[in-house]
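What follows is a single structure, written as structure tokens, with notes after it.
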Protein chains: 2
Amino acid sequence: MKTDTVFKRAFNDVLDLVSRLPNGSTLPSENTLGARLKISRTTVRKVIAALETQGVVTGAGRERVVRTVGETARPFPHAETIPMAAQVEERFMEWLLRDNARPGTAINELELARKFGMATTGIREFLNRFQRFGLIEKRPNSGWVFKGFTTSFALELFEIREMFELRSARALAALPGDSPLWAQLEALQREHLQLLENIETRFHDFSDLDSRFHRLISTAAPNRFIDSFYDIITVIFHFHYQWNKQDERQRNEVAIREHLTYMDALFGHNIALVELACRAHLVSAKQTLLRSTSQK
Amino acid sequence: MKTDTVFKRAFNDVLDLVSRLPNGSTLPSENTLGARLKISRTTVRKVIAALETQGVVTGAGRERVVRTVGETARPFPHAETIPMAAQVEERFMEWLLRDNARPGTAINELELARKFGMATTGIREFLNRFQRFGLIEKRPNSGWVFKGFTTSFALELFEIREMFELRSARALAALPGDSPLWAQLEALQREHLQLLENIETRFHDFSDLDSRFHRLISTAAPNRFIDSFYDIITVIFHFHYQWNKQDERQRNEVAIREHLTYMDALFGHNIALVELACRAHLVSAKQTLLRSTSQK
DNA sequence: CGTAGGTTTCTTATAGACAAAAATCATTTG
DNA sequence: CAAATGATTTTTGTCTATAAGAAACCTACG
């Protein structure tokens, strides 16, 4: 059976939306709600039905009215609004990093299914998608092997990353001044400066900013294969940041300053400087990653 | 239920192996057979049991003897020895190319399952793996869309291909003369020359040679992400060759000559010449591909 | 007559079952 | 006791079933 995470997320969203409405106002139409929440009318109706039994919405048909007074309905826990497929990645990476980080470790679908409390189908599907990250490999009719978060993995990853990033950075620097990308880059620059001011408390926020910065650069010359590669980078770094907390504040501060230099070079449209700043940043990012890989 | 393609392929292989043995010789041990056919002993025993009922092998336990006289057992049809997962790709590409090549076409798992005579699980698994080829995209809770074999697809593919190929070619040219790769490259050179001699009849054989040539170059500096990208190239070109038969003989002849020039440059360790030959070949390959893409 | 709600049909996400194949454990024999 | 066969346990590949969710169709009201 499907999980009803779509319904639960939508329920919470509508609850939130409705709570901002004045008491007694009419509910937006089913189509409007569906469009706003990016779900089908079928699910909208299910949500409305649930809200009716909870007394948040009264009336029927075109005459549905919001009642925000009285005890409000309780939203579903956040965990139940995340689709299963998305949760597997999180749990799998945690399992890899905490328990079984050794290269060559066999990955057993049945064991994972039991550990994660789900059917093997879901595990298989995840592993098949995860394969492209280059960390696991399939042995037909036998299981999967974890190839290890090794030095060579990091080196291979960064070889490609450098090629792609330099190419995108050059393309961006060559963009005319009236491209909307410059405004977006300026906004990101401000975010970097703000983060730098509050680095002591907010240093965890860098992971997300980092991903957005590099992805923005890659949009200067869109290429589906490069975009797809950035998914890999994002996931690897996301978990690397979660796992390796050593010197996190300081590492992130250094990276922010490198980003700022990199952005200055971009704003200056100076290809040579851009390449220099880009390379410098990637070298330092590579060193950070390399410090937490296993040998071979 | 699993298909028994492993058993059937193994059965055919053992039948073939046994037919070369003199009548009355003892059968190799189960372990030996398993190692040679890359299958588990369980399947070896199943094959032996089948051969016993067919009278090709007599005796039991350690005393099993081959009987090649009399009517020999019939092998299983080749089609039944190919694992289902491998067959889907073939059928899917054919379906894409023949029937529904239009960008934006919705891909319906259930419909494909019915058309291919298999369960939806198998289709899903295939589509999830095929996603990395950049030709399809998933809409959660809805189906998949075919993004189209478009001009931009070809351009994006070749942008990456050129980056990767130039980098590998440079690495290969820089390899010392005693590297085993040079001998392998010489062997490939001979294959090219032979194919060129019989181009009129054997021009279909180029597809395979092409793939092996470019993959050999990439082994000069192994990188899992590049290898993975070559899988995409190989599949795309495999089906492109099957689909677009126009001028096939001539196109392949041109490509062979380009390869030969490229190889000469590599043997000469002349980076500038290598880059020239490599670029020239890729440009012409790109043109070929572009000629059969749809607009946008 | 176009937009909204009501109803029906179709598709996807996930679980569960089971034979094929692998992996492990046990026994025999030279 | 090492290498082979025999028996048993686990795991994978594939199918079927079903609720959640999307999509399509229908009806009614302003």
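The values are calculated or read from the model by the stated rules, or taken from the named source; none is laboratory data. It should be emphasised that the depicted structure is a prediction, and the values quoted were computed from it without experimental measurement. Note: ideal-geometry Cβ built from the backbone for every residue, glycine included; neighbour counts use all protein chains shown. Quick note on the areas: whole protein, heavy atoms, side chains included, nothing else; ligands and nucleic acids left out. Shrake-Rupley method; radii C 1.70, N 1.55, O 1.52, S 1.80 Å.
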Original post:
Where the label is 7 Å out from Cα toward Cβ, how close does residue B:42 come to the same position in every other copy, in nm, shortest first?
Top reply: 3.8
**OP:** Provide a list, ordered by number, of residues in the range A:1-34 showing at least 10 Å² less accessible area with every protein chain present than when their chain is taken on its own, using a 1.4 Å probe.
**Re:** A:2, A:6
Subject >> Overall Cα dimensions of the range A:5-80, principal axis frame, Å, largest first >> reply: 29, 26, 20
**OP:** With unit charges on the beta carbon (Lys/Arg positive, Asp/Glu negative), name the residue among B:238, A:171, B:117 whose Cα is farthest towards the positive pole of the charge dipole of the protein assembly as shown.
**Re:** B:117
Original post:
With each label point set 7 Å from Cα along the Cα-Cβ vector, what nm distance links residue B:20 and residue A:275?
Top reply: 5.5 nm
Original post:
At residue A:139, with labels set 7 Å past Cα in the Cβ direction, how many nm apart are the copies from this one, shortest first?
Top reply: 4.1
**OP:** Count the DSSP beta bridges whose two residues both fall in chain A, then state the antiparallel fraction as a percent rounded to the nearest 5.
**Re:** 90 percent
Subject >> Net dipole in debye of the protein assembly as shown [+1 Lys, Arg Cβ; -1 Asp, Glu Cβ; about Cα centre; nearest 20] >> reply: 1580 debye
Subject >> Spatial separation of Cα centroids for the range A:228-283 and the range B:1-80, in angstrom >> reply: 59 Å
Original post:
Label-point separation (nm) for residue B:244 and residue A:145, each offset 7 Å from Cα along Cα-to-Cβ?
Top reply: 3.9 nm
Original post:
If you place +1 on the Cβ of every Lys and Arg and -1 on the Cβ of every Asp and Glu, how big does the dipole about the Cα centre of the range B:151-290 come out, in debye to the nearest 20?
Top reply: 180 debye
Original post:
So which residues in the range A:185-228 end up with at least 40 square angstrom less accessible surface once the other protein chains are there, compared with the chain by itself, probe 1.4 angstrom?
Top reply: A:223, A:224, A:225
**OP:** Calculate the mean, over all residues of peptide A:241-254, of how many other protein chain Cβ atoms lie within 10 angstrom of the residue's Cβ.
**Re:** 0
Original post:
Once Lys and Arg get +1 and Asp and Glu get -1 on their Cβ, which of A:181, A:274, A:193 lies farthest toward the positive end of the dipole of the range A:151-290?
Top reply: A:274
Subject >> Percent RCO, i.e. relative contact order, over chain B, from Cα pairs under 8 Å lying at least 6 residues apart >> reply: 16 percent
Subject >> 1.4 Å probe accessible area per residue over the range B:1-157, in Å² >> reply: 57 Å²
Original post:
Angle between the Cα long axis of helix B:41-53 and the longest principal axis of chain B, 0 to 90 degrees, nearest 10?
Top reply: 50 degrees
Original post:
If you line up the long axis of helix A:271-290 against the longest principal axis of chain A, both from Cα atoms, how many degrees apart are they, to the nearest 10?
Top reply: 80 degrees
**OP:** Please list the equivalent ellipsoid semi-axes of chain A, computed as the square roots of five times the alpha-carbon gyration tensor eigenvalues, in descending order and whole angstrom.
**Re:** 40, 29, 17
Original post:
Taking the alpha-carbon centroid of each part, what is the distance from the range B:121-160 to the range B:197-221 in angstrom?
Top reply: 26 Å
Original post:
So how much slack lies between residue B:52 and residue B:178, counting 0.36 nm per residue of separation and subtracting their Cα-Cα distance, in nm?
Top reply: 40.2 nm
**OP:** Distances from residue B:246 to the same position in the other copies: list them in nm, one decimal, shortest first, using label points 7 Å from Cα along Cα→Cβ.
**Re:** 5.9
Subject >> Solvent-accessible area buried by B and A, counting both chains, probe 1.4 angstrom, square angstrom >> reply: 2400 Å²
Original post:
Percent of accessible area on the protein assembly as shown owned by carbon and sulfur, 1.4 Å probe?
Top reply: 53 percent
Subject >> P(r) tail fraction, the range B:151-290 - alpha-carbon pairs more than 21 Å apart, % >> reply: 39 percent
**OP:** May I ask you to derive the relative contact order of the range B:5-80, considering only C-alpha pairs under 8 Å and at least 6 residues apart, and to give it as an integer percent?
**Re:** 44 percent
Original post:
What is the spin-label model distance, in nm, from residue B:201 to residue B:264 if the labels are put 7 Å beyond Cα along the C-beta direction?
Top reply: 2.8 nm
**OP:** For residue B:29 and residue B:45, calculate 0.36 nm times their separation in residues minus their Cα-Cα distance, and state this gained length in nm to one decimal.
**Re:** 4.7 nm
Subject >> Equivalent ellipsoid, the protein assembly as shown (semi-axes from 5 times Cα gyration tensor eigenvalues, Å) >> reply: 47, 37, 26
